[in-house]
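Inspection log for the structure reproduced underneath, given as structure tokens.
The values are calculated or read from the model by the stated rules, or taken from the named source; none is laboratory data. Because the structure is a prediction, the values reported are computed rather than measured. Every residue, glycine among them, receives a Cβ derived from its backbone with ideal geometry; neighbour counts consider all protein chains shown. With ligands, DNA and RNA removed, areas are computed over all heavy atoms of the protein, side chains included. Shrake-Rupley method; radii C 1.70, N 1.55, O 1.52, S 1.80 Å.
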Amino acid sequence: MIYLPPTGHSVVLGTAGTGKTVMAMLRARYLADPSTRGHGPVLLVTYNNALVAYIKHQQGKAFAGVRVETYSRFARGYLKSRGLMPHWGAIAEGTPQRSIIEESLRTVAAQYRPSSFFGRDVDFFKDELDWIGGMGIADLDSYLKVDRIGRGTGLTSSSRTAVWRIREDYLQRRNKAGYLYDWHDIATAVRQQLVSDERSYMYKHIVIDEGQDLTPEMIRSLVEVVDPSGSVTFFGDYAQQIYGQGLSWRACNLNISKEERFADNYRNTAAIARLAIAMSKMPHFGSAYEDLVEPIAPTAEGSPPTVVKCRSVAEELLVVRTRAAALSQVNRVAVLARTWSDSQRAINGLRNARPLTAGLNRWDDSPGIFYGPYHSAKGLEFDVVIMPFCGAKKVPLPEVVSAFGHADALAREAKLLYVGITRARSELIVTYSADNDTLTPLLPVEPGLYVTVTP
């Protein structure tokens, strides 16, 4: 995969642990090497800031000519070069964006008869607006015709029309509040500017890592920003798709005659891989997607994953902190939970724990404790992964169930849990409190996949 032709488009699909990030790094190095025919400046794009820090740590001097950044950083930098990105306050996100969507939802709902549709959680509508922006859908007619991939229960034409009206009101309110973009339509702004940009191409080659989590519009913009005589290489794993929900590289303007696939797992032990494979075969996981790669378990056996059934939350926290502190003396240990607050709660009191935050600028590869939500660990690996609070009342997250319904929530949350589990190289510990909860239904129940113990 490293030495694919330095022209045209290539897609490389692989399951967790196949070394996609390493291949992406080496591919970028090869394309930037002056001895390579058709070499030139390379942009290596990925979704996650922690992964950017990790890649930069691994690069060294041999990677001169390779720029590594998230798509959001690339987009902001490009729009700034066009005079369209103020120093701060241009992008609607978080609570301010949610408040604007809530206002738009109330405004449009008041124009209809009372309906349970408008009583859905605001996250449902935010997700739909994000999907529209990420697909680059520009008008109602296109939205009514498009196949809404990634949602278990489709929307009727009248519901889509209502959503479109919410979107129009949202854009008006967002602009009035001074926001030029949000994170899902910023790629469309990049594409619009590229049409009239007469400057020379910034990059000869672009390598996309964790591409399954970039929207079609993001990837289209990357295709359009690269020199036509150069190349675009897409690395992805649709079993780990936690953002675009069911979207395929086929919707991204990539011109591919043949995709390359990797199924051999070089990261996890066979015991951990068997659990991950069993998860990927559960009905709610989405195995019908044509881009899913069937994993092949590694040969190194290792000890089976451990599920710790605790009597109380207090006991669970004690187990997590005690095991993390002991194992981190000689291992890189990740404490991964469903939310940031839960991961912080789990490691509270442990010294020198390193957060996998968006602001992470430097990667430390020495033994110790890392912590964050499942998605913050995308593309990374650790000797030991500890996953607390894996009871049914926490995973799937109740807010996600409320917003999307039980079936869609299972599909979304299963891939997040899969990401966390497949970060573990040699040891995996899952905990939950049995005083008023049961183990998450997202884990398979076949015997032999893990051992259940009590403290």
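Here are a few things to note about the model shown:
- Each residue in the range 5-32 was checked for being within 23 Å of Pro228 (Cβ to Cβ) and surrounded by 17 or more Cβ atoms within 10 Å (Cβ to Cβ), and 12 of them qualify.
- Any hit, the range 389-405, residues being part of a loop (DSSP other than H, G, I, E, B), closer than 30 Å to Gly154 by Cβ and among the β-branched types (Val, Ile, Thr): yes
- Test result for Arg73, open to solvent by less than 10 Å² (accessible area, probe 1.4 Å) and either in contact (Cβ under 8 Å) with a residue 60 or more places away in the chain or not in a loop (DSSP other than H, G, I, E, B) (or both): no
- Some residue of the range 118-130 being out of contact with any Lys or Arg (no Cβ under 9 Å at 6 or more places or on another chain), of a type in the set (Gly, Ala, Ser) and in a helix (DSSP H, G or I): yes
- Within the range 186-196, being touching a residue at least 24 places away in the same chain (Cβ under 8 Å) and either open to solvent by 30 Å² or more (accessible area, probe 1.4 Å) or more than 17 Å from Arg82 (Cα to Cα) (or both) holds for Thr188, Arg191, Gln193, Leu194.
- For the criterion of being modelled with pLDDT of 95 or more, crowded, with 20+ Cβ neighbours inside 10 Å and under 17 Å from Ser402 (Cβ atoms), Leu105 passes.
- Applying the condition of being surrounded by fewer than 16 Cβ atoms within 10 Å (Cβ to Cβ) and under 18 Å from Arg321 (Cα atoms) to the range 420-455 and asking which residue is modelled with the lowest pLDDT yields Pro455.
- Pairing each residue of the range 88-110 that is outside any helix (DSSP H, G or I) with any residue that is open to solvent by less than 30 Å² (accessible area, probe 1.4 Å), provided the two are 6+ apart or on different chains, yields C-beta distances under 6 Å for Ile91/Tyr181; Ala92/Arg174; Ala92/Asp182.
- Residue ID - nearest to Gly17 (Cα to Cα), chosen from residues in the range 215-225 that are open to solvent by 10 Å² or more (accessible area, probe 1.4 Å) and in contact (Cβ under 8 Å) with a residue 60 or more places away in the chain: Thr215
- Number of residues in the range 307-325 that are within 21 Å of Ala353 (Cβ to Cβ) and open to solvent by less than 60 Å² (accessible area, probe 1.4 Å) equals 10.
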